[in-house]
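Here's the structure we're looking at; comments come further down.
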Amino acid sequence: MTVIIDGKATADRLKTRVTGEVAALRQHGVAVGLAVILVGEDPASHIYVRNKIVACEKTGIVSSERRLPATVTPAELKQVIAELNQDPSIHGILLQLPLPAHLDENEMILAISPDKDVDGLHPVNAGRLMAGLPGMVPCTPQGSLMLIQEMQPDVTGLHAVVIGRSLLFGKPMGQLLLGANCTVTQCHSKTRDLPGLCRQADILVAAVGRPQMVKADWVKPGAIVIDVGINRLADKKVVGDVDFAAVSPVAGAITPVPGGVGPMTIACLLANTVKAARNQNNLPS
Ligand code: NAP
């Protein structure tokens, strides 16, 4: 029978662990602090930031929000990031993306101290992941790997197919699966015979942004299917990149949307913030 992977339950367990770790750090005199920078008035970004701040409050992480107008200049934004880099009460800096078009996201991510880069997007952290060194790992792929390993703790030798090669998700997901000894095929918009490659996957991860693109006949019977996509349809319903109703009878395990990968992203952000606080205070895990 197909397992519907309950991302919310796993995320709740991780948040409980984080709450304990935040309390333990407080006993060492460290109040774990996360700063969220929000530029402009994008309504979706405001909701995401609000959710992150509420999650921080629940675990005891002290959060502060820096709201900047959409007209902020690159120099002004870099100045705010520089101040937060220097502030010892701030252990993690999250720059909510996307930024308004006149701001270069790569340039701004480069301005964040790699030690405080809790989104794991700085090239130093991307390089550390590639080199197999400890660093900040992007939250959504980290959470996706946790869900995969809940189903199959040892994925050695399994064939993982990742659809998507973004810096935010696809590339780090491929690296994490490689690090876990999977054989990884990384697919993208120019890939030939995507359905045929997907059919070979023991683990299929879809992060495309196309509603219900992955069909039942793309999936090997018994495969673990991780659906990262978040797509809002005209009727406001949110669906993933996988045709859940058709694929779930074929898969061995599958994440729903919502309630699968999504909750893991915030939980891993909180875990990364605690890790950053520990590292910056030379405290062991
Ligand atoms: P992105 O930067 O737009 O990347 C999409 C990737 O999909 C690209 O690599 C693109 O290939 C590939 N692609 C596009 N059309 C394709 C096709 N027809 N066949 C095969 N590959 C195709 O998006 P992203 O930031 O990685 O996010 C992907 C999805 O995950 C979105 O729905 C996003 O909302 C969701 N997401 C969810 C969470 C969460 O917390 N659950 C977090 C992050 C993202 P090219 O590189 O060739 O263009």
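The values are calculated or read from the model by the stated rules, or taken from the named source; none is laboratory data. Source: prediction; values computed, not measured. No Cβ is skipped: glycine too gets one built from the backbone with ideal geometry, and neighbour counts run over all protein chains shown.
Some notes on this structure:
- Condition check for Leu68: under 17 Å from Leu34 (Cα atoms) and touching a strand residue (DSSP E or B) at 6+ places or on another chain (Cβ under 9 Å): yes
- Among residues of the range 151-168 that are away from the ligand (no atom under 15 Å from the Cβ), those with a Cβ under 6 angstrom from a residue that is modelled with pLDDT of 95 or more and of a type in the set (A, V, I, L, M), sequence gap 6+ or separate chain, pair up as Met151/Ile224; Met151/Ala253; Val155/Ala180; Leu158/Ile203; His159/Ala201; Ala160/Leu177; Ala160/Val184; Ala160/Ile203.
- Options Leu177, Leu129: the member that is outside any strand (DSSP E or B) and free of Cβ contacts under 8 Å to residues at least 40 places away in the same chain: Leu177
- Odd one out for Ala271, checked against (1) within 30 Å of Val32 (Cβ to Cβ); (2) of a type in the set (Gly, Ala, Ser); (3) within 14 Å of the ligand (Cβ to nearest atom): (3)
- Subset of the range 138-150 [more than 25 Å from Thr191 (Cβ to Cβ) and either of a type in the set (A, V, I, L, M) or out of contact with any helix residue (DSSP H, G or I) (no Cβ under 9 Å at 6 or more places or on another chain) (or both)]: Met146, Gln149
- Within the range 85-104, the residues that satisfy the criterion of being surrounded by fewer than 23 Cβ atoms within 10 Å (Cβ to Cβ) and not in a loop (DSSP other than H, G, I, E, B) are Asn85, Gln86.
- Residues in the range 22-48 that are in contact (Cβ under 8 Å) with a residue 60 or more places away in the chain and surrounded by 20 or more Cβ atoms within 10 Å (Cβ to Cβ): Val22, Leu25, Val32, Gly33, Leu34, Val36, Val39.
Residue by residue, here is whether (1) under 17 Å from the mean Cα position of the chain (by Cα); (2) farther than 23 Å from Leu97 by Cβ holds:
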site	(1), (2)
His159	no, yes
Phe169	yes, no
Cys182	no, yes
Thr185	no, yes
His188	no, no
Leu194	no, yes
Val247	no, yes
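- Looking across the range 220-234, the residues that are buried (at least 16 other Cβ atoms within 10 Å of the Cβ) and within 20 Å of Phe169 (Cβ to Cβ) come down to Ala223, Ile224, Val225, Ile226, Asp227, Val228, Gly229, Ile230, Asn231.
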